[in-house]
Amino acid sequence: MKLDNTVSAVVTGGASGLGEATARRLAGHGVRVALFDLNEERGEALAHEIGGVFCKVNVTSSEEVDAGFAKARAAHGQERILVNCAGVGGGAKTVSRDKETGEIKEYPLENFERIIQVNLIGTFRCITKSAAGMLTLPVLDDGDRGAIVNTASVAAEEGQIGQVAYTASKAGIVGLTLTVARDLSSEAIRVNTILPGIFDTPLLARAPEHVKAGLAASVPFPRRLGQPEEFAQLAETMITCGYFNGEDVRLDGAIRMAPR
């Protein structure tokens, strides 16, 4: 798929981090970009900067997702590109023991459900609604009708202690990728997923410098944190390379996560 001003895109979680970098890269090619995010101030500012449109969307709400797509399509027309970057984290062990009292605590189920709702179901919700819209478009001369890129995590394969909900949500995204790609293959819509390692994003920005330095040192090569622009570069390749389909690709500097 050629990236230019005849093509529009929706990027969820587009106001910061991996989503922001991807939105900027697409806009740099002339693509008309709509940002789905909850951060209205940051989203509006970025949309203005890149000539896009901001849609305040909680991906756990079908009504808000529908409204977001309606606003984006009214501004830019039906999107041919969807990049799913919206996600949340949160840690706790499956069960744990209080160090002082010995009390046994179960994982808060509402936290597990929240992470699954945002990361996994939210991703699938946006896929289905975007793909339904893509089906109304003609196939391009290069054979593509649309392209979808999802965001999982290396945690999908090596979840660390306390990451059970996050790991399950990201493993679910990996698990659906090939099936959705096959479901949409007859409609000329390609689907791929990126599994980022340790990236320098706003989620990590709150960590102390010595913690970030330690994380960077754990990467075999290059011995640093991943840059959001590198995620965007791979997303662009997945979108533009017509033979790239049904793949889950790690982007991690060869790291393999230890248990903790």
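The values are calculated or read from the model by the stated rules, or taken from the named source; none is laboratory data. Bear in mind that the values here come from a model prediction, so they are computed numbers and not experimental data. Here the Cβ is made from the backbone with ideal geometry for all residues, glycine too, and neighbour counts use every protein chain on show.
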>> Looking at E20, E40, can you tell me which residue is surrounded by fewer than 22 Cβ atoms within 10 Å (Cβ to Cβ) and among the acidic types (D, E)?
In response: E40
> Do you know which residues across the range 40-53 are part of a helix (DSSP H, G or I) and touching a residue at least 12 places away in the same chain (Cβ under 8 Å)?
Replying inline: E40, R42, G43, L46, A47, I50
> Counting only residues that are over 29 Å from G91 (Cβ atoms) and of a type in the set (D, E, K, R), which one in the range 124-165 is farthest from the chain's Cα centre (by Cα)?
Replying inline: D141
> If you scan the range 82-106, which residues turn out to be touching a helix residue (DSSP H, G or I) at 6+ places or on another chain (Cβ under 7 Å) and over 26 Å from G17 (Cβ atoms)?
Replying inline: T94
> If you go through the range 69-108, how many residues are assigned to a loop (DSSP other than H, G, I, E, B), modelled with pLDDT under 95, surrounded by 11 or more Cβ atoms within 10 Å (Cβ to Cβ) and among the polar types (S, T, N, Q)?
Replying inline: 1
> From the list A9, A34, A47, which one is buried (at least 19 other Cβ atoms within 10 Å of the Cβ) and over 22 Å from L184 (Cβ atoms)?
Replying inline: A47
> Across the range 142-169, what is the number of residues that are farther than 23 Å from I127 by Cα and of a type in the set (D, E)?
Replying inline: 1
> Restricting the search to the range 193-232, which residues are surrounded by fewer than 20 Cβ atoms within 10 Å (Cβ to Cβ), among the small types (G, A, S), touching a Lys or Arg at 6+ places or on another chain (Cβ under 9 Å) and within 21 Å of E157 (Cα to Cα)?
Replying inline: A216, A217
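Residue by residue, here is whether (1) closer than 30 Å to T6 by Cβ; (2) among the aliphatic types (A, V, I, L, M); (3) touching a Pro at 6+ places or on another chain (Cβ under 8 Å) holds:
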| site | (1), (2), (3) |
| --- | --- |
| A147 | yes, yes, no |
| V154 | no, yes, yes |
| Q163 | no, no, no |
| Y166 | no, no, no |
| S169 | no, no, no |
| L176 | yes, yes, no |
| S185 | yes, no, no |
| I189 | yes, yes, no |
>> Would you confirm whether or not the range 8-17 contains a residue that is out of contact with any helix residue (DSSP H, G or I) (no Cβ under 8 Å at 6 or more places or on another chain) and not hydroxyl-bearing (S, T, Y)?
In response: no
> Taking interchain pairs and intrachain pairs at least six residues apart, which have beta carbon atoms under 6 angstrom, with the first residue in the range 230-259 and within 19 Å of T22 (Cα to Cα) and the second of a type in the set (S, T, Y) and in a helix (DSSP H, G or I)?
Replying inline: A232/T22; A235/T22; D248/T177
>> Pairs needed: first member in the range 160-189, over 24 Å from A132 (Cβ atoms) and modelled with pLDDT of 95 or more; second member anywhere, basic (K, R) and surrounded by fewer than 18 Cβ atoms within 10 Å (Cβ to Cβ); C-beta distance under 9 Å; at least 6 residues apart or different chains.
In response: V164/K93; A165/R114
> Being in a loop (DSSP other than H, G, I, E, B), more than 14 Å from the chain's Cα centre (by Cα) and either surrounded by fewer than 14 Cβ atoms within 10 Å (Cβ to Cβ) or basic (K, R) (or both), is that true of even one residue in the range 54-62?
Replying inline: no
